[in-house]
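Worksheet for the structure shown next.
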Amino acid sequence: MKLTRRQFITGVGGGALGAVLAAACGVPEDELFMQSKVGMPEDVVTGLDNWYATLGNSYSTSEGVVVRVMEGRAKKIEGNIDYPVNRGKHSARSESMLQDLYNPDRIRGPMARVGERGEGNWEEIGWSDAISRVANQLDQIKAARQNRGVVMVTKPAISHSSLVADRFISAYRGTKISYEILENTNLRSVHKTLFDQDRLPDIDIDNSDYVLSFGADFLNTWISPVRYMRGYGEFRQGGHRRGKLVHVDSRFSMTGANADELIYVKPGREGLLALSIAQVIINEGLGDSTAASNLTGGGQVDINKWAPDQVAENVGVNSENITHIAREFASKEHPVAFGGGLAGAHTNGNLNLTAIYSLNYLVGSLNKPGGLIFNPAPPTPDLIEVEDNLKIGSMSDWRDVVRDMNDGKVQALMIDDSDIAYGLPDAIGFKDASYKVPLIFSFANTINDTASIADLILPSNTVLEDWGTDVPIAGPGYQVVGFQQPVVRPFFEDRGGELGTKSMPDALMRIADKLEIDLGLEGSTFKDIVENGAKQIFDLNRGSVKARDFRAFWNGVLQRGGWWDTSSIVPASTPSVKKLPDEIPDPEFDGPSGDDTFNLIPFSSSSLGEGQNAHLPWMQSMPDPITSATWQTWVEINNKTAQELGIKEGDLIRVVSAHGNSSSMLEGITVIAYPHPAIPPEVVSIPLGQGHTEGGRYAKDRGSNALSILAVKLDIDTGSLAWGATKVKLEKLDDWKPLPKFENSNPDLARDSEHRVIKIAPVNE
């Protein structure tokens with residue numbers, strides 16, 4: 001039976017009209033008297049708009065948003081003022097969910113491959129047929145006792161969607177692995193080994209008075225930028241509270257542009273700089289004496305070898321600056337030091353981050369206002385189960401998966417919204433190995449590079465059409481569970497139940513039913529699973545939403561966009577911190593040799609991310625905050641270096657790394673030159689996000705993919721991809737192309753040998 005719009009909205013809102021008392025973070029308990037939004041469905045009064053709370057999952061950490069819906073169509077997205085992570089702010093990526101919903105290249109129904117894999121020929125089939133095909137093929141694999149060769153790939157998330165996937169692959173006895181492009185394996189490893197914490201901490205920039213950051217572009221793309229930007233605004237209030245930002249990096253980033261002091265460091269030497277800062281603090285008695293003793297193993301570690309004058313040349317920072325930063329950092333009341341991004345992207349990345357985060361212990365900034373605030377475990381058994389089972393693959397893990405694919409050990413790949421064919425370096429050989437996998441199923445809403453090599457595509461709902469939950473990977477220091485609800489009906493539901501899109505968990509639950517697999521979950525739909533998750537929270541009888549019964553609680557949670565409990569914190573205690581590393585080896589690099597080589601620094605695009613948003617024209621049009629460039633791939637190169645090489649803005653440059661497939665190894669990638677005075681002479685920097693072979697009309701065959709030419713160099717401790725360890729050469733091509741910019745200007749006119757410049761002259765009478 002097809003629901004009426006009134007029934008749909010009632011289902012979304014929980015149906016209860018009772019009042020819900022709720023106390024959001026920072027809001028007095030009795031200030032908000034929330035009433036059910038189901039007072040007047042939007043189809044009753046023409047032009048009446050309604051606002052619905054949901055989630056924007058656009059970064060590693062979700063954002064709470066509210067969506068304006070008028071006459072059944074989503075019109076506008078704003079930040080949810082209640083949601084603790086972003087508190088009313090939101091990113092352009094969350095805004096772009098509207099364009100994702102209405103993208104003309106969305107898949108409109110299940111599709112099966114016709115012809116050879118990768119040829120791009122598809123036939124549309126019904127959902128019953130698609131579910132039966134998957135179930136039958138998985139059943140055959142299981143009957144042959146090869147089910148352990150089924151690998152499911154998902155995004156890293158602590159959610160009820162992940163719970164369904166975990167239960168499915170566990171019951172089937174397959175393998176599940178999560179994929180992130182610029183992996184944070186080292187970051188998670190450091191917090192586990194250094195502080196015995198299973199999750200990333202909150203960085204309390206709001207209450208800090210001195211921020212010392214290493215490599216993490218936290219004001220642009222790193223982990224939870226909306227939260228950090230909001231905190232940075234508080235940090236910069238002025239007067240006696242105005243904090244100071246010192247940023248250490250090897251490229252000019254958005255965070256570096258906003259820093260009071262930008263310290264350039266040689267790539268991969270961030271940890272050595274942190275050890276030198278620690279040496280000054282310990283040697284001059286500026287920090288906690290107990291912490292100093294523990295970090296040095298009671299004097300076992302010779303800290304004097306890290307004295308500023310001993311390491312200055314290797315680090316690329318003069319000794320006076322190192323000493324100044326150390327003294328200033330240690331003298332503040334609420335300092336915080338953190339690192340990530342490029343600081344952890346080298347073969348010594350884990351050790352770099354260990355040294356950086358140890359500084360907080362040395363000055364007493366652990367689990368205190370203005371420092372690193374540890375995050376507690378999720379509040380319910382289901383979500384704790386997901387966290388315990390979360391395996392985010394390192395590049396070492398992916399290398400093993402590819403090896404198993406080549407050896408015929410992988411019988412099927414089930415891939416949920418993860419474009420691994422695009423994101424993995426060509427040198428690892430995933431694309432070639434994929435043709436040795438008998439079956440590939442892809443859950444996706446557009447045909448991306450990975451879906452294009454699948455045998456079957458099961459189209460997914462967008463965020464605005466689906467149910468879900470999310471525990472922020474980097475929470476605010478207390479328990480938070482965000483709730484996602486469908487704010488509109490599925491866009492293609494008018495095509496009937498056999499076509500259109502579905503949520504990945506609903507599809508998995510139907511496949512499980514076909515296979516007669518018991519997932520141990522109550523309910524027949526994914527909405528039931530999400531609602532049962534809310535019941536577990538209701539039974540806690542605490543937190544931001546208080547209600548007399550579950551229906552009122554459920555309605556309140558959906559109205560607020562989630563649940564949180566500011567009292568559920570990690571108790572203040574002194575963590576068991578291991579001593580500083582005896583030494584940090586110099587980073588290793590791979591690629592061409594010679595004086596004419598550069599360190600390649602890829603960076604996440606503020607609009608396209610690492611390619612996730614390339615199919616959205618609005619995000620393609622969003623200017624880069626440093627260059628204002630759009631729609632293309634460019635290479636940032638020091639302007640004096642460019643002048644020496646005869647390179648001007650707009651020149652086409654071939655970037656060669658000697659890594660990739662046969663084509664990219666020989667030809668490299670082609671990008672547009674952008675000379676930049678703030679880029680160090682020894683590095684070049686390329687944004688990620690372009691260079692897709694598929695992805696729809698806005699993404700396909702546009703720009704170049706810098707990920708494809710990365711060397712597969714690994715961290716010596718964790719096996720994480722050292723994505724900052726690639727050396728490249730630049731070759732100027734005899735061609736020119738204007739770099740599209742927001743201001744539509746270019747200092748260099750095009751060469752007119754091919755009459756590319758239009759000359760306007762008066763007409764002779």
- line: Filtering segment 730-739 down to residues that are within 30 Å of the chain's Cα centre (by Cα) and assigned to a strand (DSSP E or B) yields LEU730
- prompt: Which ones in segment 285-300 are surrounded by 13 or more Cβ atoms within 10 Å (Cβ to Cβ) and closer than 23 Å to VAL317 by Cα?
  reply: LEU286, GLY287
message: Looking at segment 719-729 only, could you name the residues that are crowded, with 24+ Cβ neighbours inside 10 Å and more than 19 Å from the chain's Cα centre (by Cα)?
response: ALA725, THR726, VAL728
- request: Return yes when GLY695 is in a loop (DSSP other than H, G, I, E, B) and on the phi > 0 side of the Ramachandran plot and no when it is not.
  value: yes
query: Could you count how many residues in segment 185-214 are buried (at least 21 other Cβ atoms within 10 Å of the Cβ), polar (S, T, N, Q) and within 22 Å of the chain's Cα centre (by Cα)?
result: 4
- prompt: Name the residues in segment 308-333 that are farther than 20 Å from SER250 by Cβ and among the hydroxyl-bearing types (Ser, Thr, Tyr), would you?
  reply: THR323, SER331
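Residues in segment 612-659 that are over 23 Å from ALA678 (Cβ atoms) and among the hydrophobic types (A, V, I, L, M, F, W, C): how many? Write out each step before concluding.
Quick first cut of segment 612-659, residues over 23 Å from ALA678 (Cβ atoms) only: 612-621, 654, 656-659.
Keeping just the survivors that are among the hydrophobic types (A, V, I, L, M, F, W, C) gives 614, 616, 618-619, 656, 658.
So the count comes out to 6.
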message: Testing LYS2 on (1) closer than 30 Å to PHE441 by Cα; (2) modelled with pLDDT under 90; (3) in contact with a strand residue (DSSP E or B) (Cβ under 9 Å, 6 or more places away or on another chain), one condition comes back false. Which one is that?
response: (3)
message: I need a count of the residues in segment 547-572 that are more than 30 Å from the chain's Cα centre (by Cα) and within 23 Å of PRO476 (Cα to Cα).
response: 1
- line: Inside segment 308-337, the number of residues satisfying the requirement of being in contact with a helix residue (DSSP H, G or I) (Cβ under 7 Å, 6 or more places away or on another chain), under 14 Å from ILE282 (Cα atoms) and polar (S, T, N, Q) is 1
field: Output for segment 402-426, where each listed residue is at negative phi, out of contact with any helix residue (DSSP H, G or I) (no Cβ under 7 Å at 6 or more places or on another chain) and surrounded by fewer than 22 Cβ atoms within 10 Å (Cβ to Cβ)
entry: ARG403, ASP404, ASP407
- request: Grab the helices (runs of 4 or more DSSP H) fully contained in segment 63-181, keeping just those with 2 or more residues being small (Gly, Ala, Ser).
  value: 92-95, 127-143, 160-172
- request: State whether the residues of segment 195-207 include one that is within 30 Å of ASP388 (Cβ to Cβ), modelled with pLDDT under 95 and of a type in the set (Lys, Arg).
  value: yes
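Tell me yes or no: at least one residue of segment 363-386 is in a helix (DSSP H, G or I) and on the phi > 0 side of the Ramachandran plot.
Looking for residues that are in a helix (DSSP H, G or I) and on the phi > 0 side of the Ramachandran plot, one finds none in segment 363-386, hence no.
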task: Name every residue in segment 699-723 that is within 22 Å of VAL656 (Cα to Cα) and part of a loop (DSSP other than H, G, I, E, B), in order of residue number.
output: ASP701, ARG702, GLY703, SER704, ASN705, LEU710, ALA711, VAL712, LYS713, ALA722, TRP723
task: For segment 141-167, name all the residues that are modelled with pLDDT of 95 or more and out of contact with any strand residue (DSSP E or B) (no Cβ under 7 Å at 6 or more places or on another chain).
output: LEU163, VAL164, ARG167
message: Quick check on segment 501-514. Is at least one of its residues more than 23 Å from SER418 (Cα to Cα) and in contact (Cβ under 8 Å) with a residue 24 or more places away in the chain?
response: yes
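Could you check, for segment 608-627, whether at least one of its residues is over 21 Å from the mean Cα position of the chain (by Cα), in the same structural domain as ILE709 (by TED's automatic domain parsing) and surrounded by fewer than 20 Cβ atoms within 10 Å (Cβ to Cβ)?
So in segment 608-627, the residues over 21 Å from the mean Cα position of the chain (by Cα) come out as 627.
Imposing the further condition that a residue be in the same structural domain as ILE709 (by TED's automatic domain parsing) reduces the set to 627.
The next check asks that each one be surrounded by fewer than 20 Cβ atoms within 10 Å (Cβ to Cβ); those that pass are 627.
Yes, the conditions are met somewhere in segment 608-627.
Conditions (1) closer than 24 Å to LYS727 by Cβ; (2) touching a helix residue (DSSP H, G or I) at 6+ places or on another chain (Cβ under 6 Å), marked per residue:
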| site | (1), (2) |
| --- | --- |
| TRP564 | no, no |
| SER568 | no, no |
| THR597 | yes, no |
| GLY611 | yes, yes |
| SER628 | no, no |
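Taking the residues in segment 369-414 that are basic (Lys, Arg) and under 30 Å from ASP196 (Cα atoms) as candidates, determine which candidate is modelled with the lowest pLDDT. Walk me through how you get there before you give the answer.
Pass one, segment 369-414, residues basic (Lys, Arg): 391, 399, 403, 409.
Those still in the list that are under 30 Å from ASP196 (Cα atoms) too: 391, 399.
Working: LYS391: 90, ARG399: 94.
Ranking the qualifying residues of segment 369-414, first place goes to LYS391.
The values are calculated or read from the model by the stated rules, or taken from the named source; none is laboratory data. Source: prediction; values computed, not measured. Positions of Cβ are generated from backbone atoms using ideal geometry, with glycine treated the same way; all protein chains shown enter the neighbour counts.
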